[in-house]
Structure formats: structure tokens, C-alpha cells
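Chemist: Here it is: the structure, laid out below.
The values are calculated or read from the model by the stated rules, or taken from the named source; none is laboratory data. Small disclaimer: the values here were computed from a predicted structure and weren't measured. Cβ placement follows ideal geometry from the backbone for every residue including glycine, while neighbour counts extend to all protein chains displayed. Heads up: the accessible areas ignore ligands, DNA and RNA and are worked out on the full protein's heavy atoms, side chains in. Shrake-Rupley method; radii C 1.70, N 1.55, O 1.52, S 1.80 Å.
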Amino acid sequence: MRKSLRWLMSLTVLIGTVGAGGAATAAEPATGSPAAVADSAVGTDIKDRILAIPGMSLIEEKPYAGYRFFVLEYTQPVDHRRPWKGTFKQRLSLLHKDTDRPTVFHTSGYGLSTTPSRREPTRIIDGNQVSMEYRFFTPSRPQPADWTKLDIYQAASDQHRIFTALKKIYGKKWLSTGASKGGMTATYYERFYPRDMDGVVAYVAPNDVNNKEDSAYDRFFETVGTKECRDRLNAMQREALIRREPLQKKYKEWAETEGATFNTVGSLDKAYEAVVLDFVWGFWQYYGQDVCADVPDAATATDDIVYQTIDAYSGWSFYSDQGLDPYTPYYYQAATELGSPSIKLPHLKGLTRYGYQPARNFVPREIPTTFKPAAMRDVDSWVRHNANQMLFVYGGNDPWGAEPFRIGKGARDSYVFTAPGANHGAQVAGLVEAERTKATARILAWAGVEAPAVQAGQPLARFDARLDNATDDELKREHGLRP
């Protein structure tokens with residue numbers, strides 16, 4: 001275990017204060033789930049142990065067979081470098097199995113789902129799972145919001161303080177994980193606090209080292225899938241711009257009916273084009289070659305069919321003020337540190353008015369942004385030379401994998417694997433057999449599982465359709481159309 005510096009851990013724990021809205025309640029009888037019965041053996045209900053943490057408060061507890069599931073709030077400094085300058089409440093959830101099991105620290109990099117769910121590493125190691133809402137996603141937003149305090153260091157420090165607080169209860173091994181922006185988040189956390197976690201499993205994490213050089217995305221769209229599929233998608237996208245006038249009339253009618261506005265992006269026309277330009281990207285991100293034939297033939301499609309098809313894969317509501325608002329923290333980070341892709345789209349030459357718009361266009365004007373190119377270069381260099389017990393999983397047909405993390409000679413016990421044909425929902429389970437067995441075995445080993453199970457290279461927990469099946473809608477709510 002790469003243990004944290006104890007003096008730093010003690011210092012950060014002292015920052016928290018007891019939340020006003022969630023005082024600890026009396027211990028409950030240990031009835032029902034095996035997890036509750038197991039915790040009764042140590043004499044204190046697990047909920048009381050958690051709520052005894054300074055700054056921790058309970059929002060709600062939801063039952064789930066074999067687990068305890070808590071939705072919590074934790075008091076965090078707005079600025080970890082100056083913790084005396086105010087605090088905010090950050091939501092997190094805890095899927096509790098047993099304090100004798102290892103724990104997975106998950107974040108989507110976006111908002112928090114308050115429905116019990118289990119990420120793939122949690123199932124593999126049959127452990128507990130802590131999920132954190134990323135700072136500045138509502139309701140975990142300081143008031144007033146100082147947007148300069150939304151950066152990868154501050155978010156990593158949020159995770160560090162939560163880990164430090166909970167490690168006293170969950171003393172076994174810890175792994176961090178996340179998909180897309182969550183995979184990026186897990187990587188950044190490891191970069192700033194490499195002694196906290198015993199392993200990292202980062203799924204489909206983009207790595208935009210040079211924000212001005214995006215030719216990898218162009219090469220991806222020139223080769224992904226079959227030529228027939230690419231041509232079919234490009235034709236539909238082109239047709240939506242050729243028919244801009246009649247389709248934009250439908251868009252305007254929809255906006256008036258729904259009360260949608262376009263102040264952030266600048267105009268309905270800009271929003272219209274942004275949605276259309278996302279069509280091909282959105283198709284490969286969430287769908288794939290197997291459903292390409294379901295996309296109508298653009299040459300014979302009616303205006304209604306073209307309009308509905310774009311909506312199905314991109315979503316006309318996304319670039320309205322109402323659609324963008326939940327993702328403002330993501331776009332702010334893309335415009336200041338993470339970077340964002342720009343692709344050439346030669347098949348749309350002469351039809352686009354704005355091109356692939358930068359992330360700055362999707363952040364309200366009153367929020368200033370300054371891009372810091374050194375941030376991603378630093379993380380990339382650190383991963384190449386210092387990665388230790390890190391696993392990166394990508395989808396072979398996912399556009400976000402065009403710029404992946406890579407490991408160099410300095411890396412130890414670290415891997416980059418790609419699931420053939422997989423999209424943005426790529427999993428360890430989708431890897432080729434040898435890589436799947438290897439990845440599963442390493443995850444188990446990092447979690448401190450006994451040798452026979454590691455050698456078997458199989459998940460320890462049975463598949464649970466309710467806990468383990470994140471739907472497309474859940475993925476989209478967590479990730480947005482961007483990562």
C-alpha cells in the first residue's frame with residue numbers, strides 16, 4: 001500500500017466541521033443485510049461510524065440486498081491551498097459491503113447518481129464503493145462560485161480528503177476508477193496523490209496533451225468502421241446542413257414550445273450547427289458499426305426523418321442554455337485545462353459556418369476562462385514516467401480513444417488495453433481473453449485479494465443486473481455528449 005503521509009492526512013481531516021444538516025443518529029439494530037450484521041460485531045453501526053467523521057452528514061439511506069447504501073455530504077474547503085477561506089458541501093455515496101473488504105473510489109467527473117450501482121472494479125474485487133460528485137456540479141458548488149477554484153488539483157484534493165477520512169474505517173486496499181472524464185479524474189488524482197491508492201482503473205480517458213494538434217481525431221474518423229458506414233453517416237450529416245433552412249424552422253418551433261434559449265452559444269443557428277456536427281461523433285461514442293444500417297438513407301429521407309435522426313444521436317436540446325447549464329463545469333475545465341477536440345470535417349466543406357466550436361463557446365460569457373496548456377503536459381509526462389499499478393482501458397471504435405494515455409519505460413505494473421470494436425462504454429470484460437484475464441488478475445492483486453483468486457483472473461462477485469448494468473441514459477447523464 002502506497003500510504004499517504006500521516007501528518008498531511010491528519011492536517012486535512014482537521015479542516016472538516018460537523019455538517020449542520022446531518023447529525024449522527026442513534027445506532028440501529030443490525031438486522032437485514034449481511035453487511036449490517038457484520039458491522040454489529042464490532043459494536044457500532046456503520047452509519048454511526050461514518051457520521052462520526054468531522055464534516056460528514058447523512059442525506060439518506062437506501063436499502064439494497066447485501067449492502068448498505070448511503071448518500072452523504074462532506075464539508076470541503078473551497079480552496080485546499082487556503083482552507084480557511086470558506087467551505088462547501090460535497091455529495092458522495094457509499095455502497096457499503098464490509099469493512100474487511102477492499103474499497104473502490106469512483107467518480108464520473110460529473111454529478112452524482114443517488115441510485116445504488118456498482119462499477120466494474122467493485123464487482124471484480126467484491127468490495128465497497130465510494131462515489132464522489134465532482135466539485136461545481138450542482139448541488140456540490142460553492143456559493144458564491146469562484147470558478148478559479150475549479151481545477152484538477154482542487155478536485156484531486158477533494159478525493160484525497162474523503163479518502164483520508166474514510167480510510168480510518170475502510171482500512172483494506174483502495175482502488176480508484178472512473179470512465180471518460182471520470183477516468184481522467186482518477187488519473188489526475190493519482191498524479192497529485194500517488195500514495196493514496198493501491199491501483200487505478202481508468203476507462204476511456206482522453207489525454208489531450210496538445211490542444212492545438214488534433215489530427216489523431218481526423219485519422220480516427222477516416223478509418224473507423226467500414227467505408228460504407230462512414231459514408232452513410234457523413235451523408236446524413238451533410239444532408240442536415242444542406243436542409244438547414246427547413247430543419248432549422250422545426251428547431252425554432254421546438255425551442256419556442258420548450259422555452260429553450262441560446263444566449264451562451266450565441267444563436268439558434270450556432271446551436272443548430274453544433275448539434276449537427278456532433279452527429280457522427282455521437283454515433284461512434286455511444287453506438288457502433290452494428291447499428292449503422294439503422295441510420296436512414298439521407299438521399300431518400302424526408303425532412304422529418306433527417307431531423308429525428310440527428311436528434312436521436314446528437315440531441316437538439318443539448319446546446320440550448322438549458323441543455324448546457326448542467327455541463328458548465330465540464331466546459332469550463334475543457335476551456336482552462338482539459339482541452340477539447342477540433343476536427344476538420346472535409347465532407348462538410350462549404351456547408352459549415354462555424355466549424356467545430358471551442359469549449360469556450362459553451363461557457364457563459366460572465367465566467368472568464370484562461371487556458372493553461374502546461375496542465376495536461378504535466379499529467380501526460382507523469383503517467384509516462386511514473387505510472388505505478390495503473391490500467392487504462394479504451395474502446396477500439398470510441399473517438400475519445402484517439403488521444404489516449406500511454407506508458408513509458410518508467411512505468412511499473414501498468415497497462416494500456418483496447419477492447420476491439422467497443423465504444424465509449426468499453427469495459428475490461430470486452431477485452432480479448434488474454435488481456436481480460438491479465439487485467440482482472442492485476443485488479444485483484446492490487447486490491448490485496450488472495451493468490452488463488454488472482455491466478456483465476458475472474459470477478460469475485462456475481463453479475464447483478466440492477467447494480468452492474470449502467471444504461472446508455474445513465475452514461476449520457478454522467479458524461480454528456482463530451483467525455
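Chemist: Can you name every residue in the range 448-469 that is among the small types (Gly, Ala, Ser), touching a helix residue (DSSP H, G or I) at 6+ places or on another chain (Cβ under 8 Å) and either more than 19 Å from Gln427 (Cα to Cα) or in contact (Cβ under 8 Å) with a residue 24 or more places away in the chain (or both)?
Modeler: Ala453, Ala461 - these are the residues of the range 448-469 that are among the small types (Gly, Ala, Ser), touching a helix residue (DSSP H, G or I) at 6+ places or on another chain (Cβ under 8 Å) and either more than 19 Å from Gln427 (Cα to Cα) or in contact (Cβ under 8 Å) with a residue 24 or more places away in the chain (or both).
Chemist: Next question, about the same structure. With the requirement that a residue be farther than 13 Å from Pro399 by Cβ and open to solvent by less than 40 Å² (accessible area, probe 1.4 Å), what does the range 414-424 give you?
Modeler: Matches in the range 414-424: Ser414, Phe417, Ala419.
Chemist: Here's something else I'd like to know. Does any residue of the range 390-403 turn out to be open to solvent by 20 Å² or more (accessible area, probe 1.4 Å) and among the polar types (S, T, N, Q)?
Modeler: yes
Chemist: What are the residues in the range 425-474 that are open to solvent by 60 Å² or more (accessible area, probe 1.4 Å) and of a type in the set (Phe, Trp, Tyr), if any?
Modeler: Phe463
Chemist: Restricting attention to the range 356-383, which residues are out of contact with any helix residue (DSSP H, G or I) (no Cβ under 8 Å at 6 or more places or on another chain) and without any contact (Cβ under 8 Å) to a residue 40 or more places away in the chain?
Modeler: Let us first name the residues in the range 356-383 that are out of contact with any helix residue (DSSP H, G or I) (no Cβ under 8 Å at 6 or more places or on another chain), namely 365-366, 373-374, 377, 380-381.
Listed by number, the residues that qualify are Glu366, Ala374, Ser381.
Chemist: Among (1) within 21 Å of Ala202 (Cβ to Cβ); (2) open to solvent by 30 Å² or more (accessible area, probe 1.4 Å); (3) among the acidic types (Asp, Glu); (4) under 18 Å from the mean Cα position of the chain (by Cα), where does Glu337 come up short?
Modeler: With (1) within 21 Å of Ala202 (Cβ to Cβ); (2) open to solvent by 30 Å² or more (accessible area, probe 1.4 Å); (3) among the acidic types (Asp, Glu); (4) under 18 Å from the mean Cα position of the chain (by Cα) applied to Glu337, the lone miss is (2).
Chemist: From the list Pro194, Pro144, exactly one residue is open to solvent by 10 Å² or more (accessible area, probe 1.4 Å), free of Cβ contacts under 8 Å to residues at least 60 places away in the same chain and over 16 Å from Glu337 (Cβ atoms). Which is it? Let's see the steps before the verdict.
Modeler: Working: Pro194 fails: free of Cβ contacts under 8 Å to residues at least 60 places away in the same chain.
Checking each option against the conditions leaves just Pro144.
Chemist: Oh, and also: Which ranges mark the strands (runs of 3 or more DSSP E) fully within the range 43-109 that have 1 or more residues being more than 11 Å from Ser131 (Cα to Cα)? Outline the logic, then answer.
Modeler: Values: elements: 56-64, 67-77, 87-96, 103-106.
Because the criterion is at least 1 residues that are more than 11 Å from Ser131 (Cα to Cα), the strands (runs of 3 or more DSSP E) in the range 43-109 that meet it are 56-64, 67-77, 87-96.
Chemist: A further question follows. Among the numbered conditions (1) surrounded by 18 or more Cβ atoms within 10 Å (Cβ to Cβ); (2) modelled with pLDDT of 95 or more, tell me where Tyr356 comes up short.
Modeler: Only one criterion in (1) surrounded by 18 or more Cβ atoms within 10 Å (Cβ to Cβ); (2) modelled with pLDDT of 95 or more is unmet by Tyr356, namely (2).
Chemist: Taking the range 95-116 as the search range and keeping residues that are within 15 Å of Gly171 (Cβ to Cβ) and more than 17 Å from the chain's Cα centre (by Cα), which one is surrounded by the most Cβ atoms within 10 Å (Cβ to Cβ)?
Modeler: Out of the qualifying residues, it is Thr103.
Chemist: Quick one: count up the residues across the range 197-251 that are of a type in the set (S, T, N, Q), open to solvent by 60 Å² or more (accessible area, probe 1.4 Å) and part of a helix (DSSP H, G or I).
Modeler: Selection size over the range 197-251: 1.
Chemist: Then there is this: Are any residues in the range 147-191 open to solvent by 10 Å² or more (accessible area, probe 1.4 Å) and polar (S, T, N, Q), and if so, which ones?
Modeler: Thr148, the sole residue that qualifies.
Chemist: A further question on this structure: Just the residues that are under 23 Å from Ala375 (Cβ atoms) and out of contact with any Phe, Trp or Tyr (no Cβ under 6 Å at 6 or more places or on another chain), please, taken from the range 309-331.
Modeler: Matches in the range 309-331: Tyr327, Thr328, Tyr330.
Chemist: Can Arg118 be described as part of a helix (DSSP H, G or I) and touching a residue at least 40 places away in the same chain (Cβ under 8 Å)?
Modeler: no
Chemist: Kindly list the number of the only condition in (1) among the β-branched types (Val, Ile, Thr); (2) under 27 Å from Ala441 (Cα atoms); (3) out of contact with any Phe, Trp or Tyr (no Cβ under 9 Å at 6 or more places or on another chain) that fails for Thr99.
Modeler: The one condition Thr99 does not meet is (3).
Chemist: For the range 293-322, how many residues are in contact with a Leu (Cβ under 8 Å, 6 or more places away or on another chain) and open to solvent by 10 Å² or more (accessible area, probe 1.4 Å)?
Modeler: Qualifying residue count for the region: 5.
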